[in-house]
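A.B. asks: I have a structure here, written as structure tokens, and I will follow up with some questions on it.
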Amino acid sequence: MIKRIDITKKEQAERVLQVQLPSYKIESSLIGSSDIPPLHDTAYSLQYCGETFYGYWEAEKLCGVISLKIESDELDIHRLVVHPDHFKKGIAQKLLSFIERQYPVPLIKVATASLNLPAIRLYQKNGFEKVREEKVLTGLSLSFFEKQHQCFF
């Protein structure tokens, strides 16, 4: 089940961290960089990040999280994470599809590490096109993707 997370509540922010940190540790090893900013998040930083969060739950267990911001009719996905215990179950796909249905905006944007091939495959499979790549730190570059939302064709 997918439902909104009230990230302003400390206990919810801590639950998100329990998914986010192990997920980004896997990404860190995939891309060869431990300088991924979400690895340094705290419950406090999540509570005040200004993003809207949704979680994928199995029973009472939070298994995956997606967060976003909407500005000027654009949806910007800030994080899409799945706990490593729940990889390969289609949770990221379910969260992404949910967001697309929930927010009929003309443009959806997302960025991921350029070496994060599983994330890149997910976005490309869902119609996102790479628009640019940018080096952000030594040894770390991001690939930026966009998708024209189908509700506006």
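A.B. asks: Summarise the accessible area of the chain (1.4 Å probe, protein heavy atoms) by the percent that is carbon and sulfur.
C.D. replies: Values: 4280 of 8440 Å².
Accessible surface attributable to carbon and sulfur in the chain totals 51 percent.
A.B. asks: Return the calculated 222 nm mean residue ellipticity for the chain, to the nearest 500 deg cm²/dmol, obtained by summing -39500 (n - 2.57) across DSSP H runs with n ≥ 4 and dividing by the residue count.
C.D. replies: Using -39500 (n - 2.57) per qualifying helix, the result is -9500 deg cm²/dmol.
A.B. asks: May I pose another question? Find, to one decimal place in angstroms, the Kirkwood hydrodynamic radius of the chain, where the mean of 1/r is taken over every pair of different Cα atoms and then inverted. Mind dumping the intermediate values first?
C.D. replies: Working: mean 1/r = 0.0634 Å⁻¹.
Hydrodynamic radius (Kirkwood, Cα pairs) of the chain is 15.8 Å.
A.B. asks: Report the relative contact order of region 101-153, percent, no decimals, based on alpha-carbon pairs under 8 angstrom and at least 6 residues apart.
C.D. replies: After rounding, I find 49 percent.
A.B. asks: If you don't mind, there's one more thing I want to ask. For a quick check of understanding: with a 1.4 angstrom probe and all protein chains in place, what accessible area in square angstrom does LEU68 have, to the nearest ten?
C.D. replies: Number for this one is 0 Å².
A.B. asks: Right, another one. So which lysines pass the test for LYS89, namely a Cα distance under 30 Å, with those fewer than 8 places away in the same chain ruled out?
C.D. replies: Correct list for LYS89: LYS3, LYS9, LYS10, LYS25, LYS61, LYS69, LYS109, LYS125, LYS130, LYS147.
The values are calculated or read from the model by the stated rules, or taken from the named source; none is laboratory data. This structure is a prediction, so every number in the text was calculated from the model and none was measured. Just the protein is used for accessible areas: all its heavy atoms, side chains included, with ligands, DNA and RNA removed. Shrake-Rupley method; radii C 1.70, N 1.55, O 1.52, S 1.80 Å.
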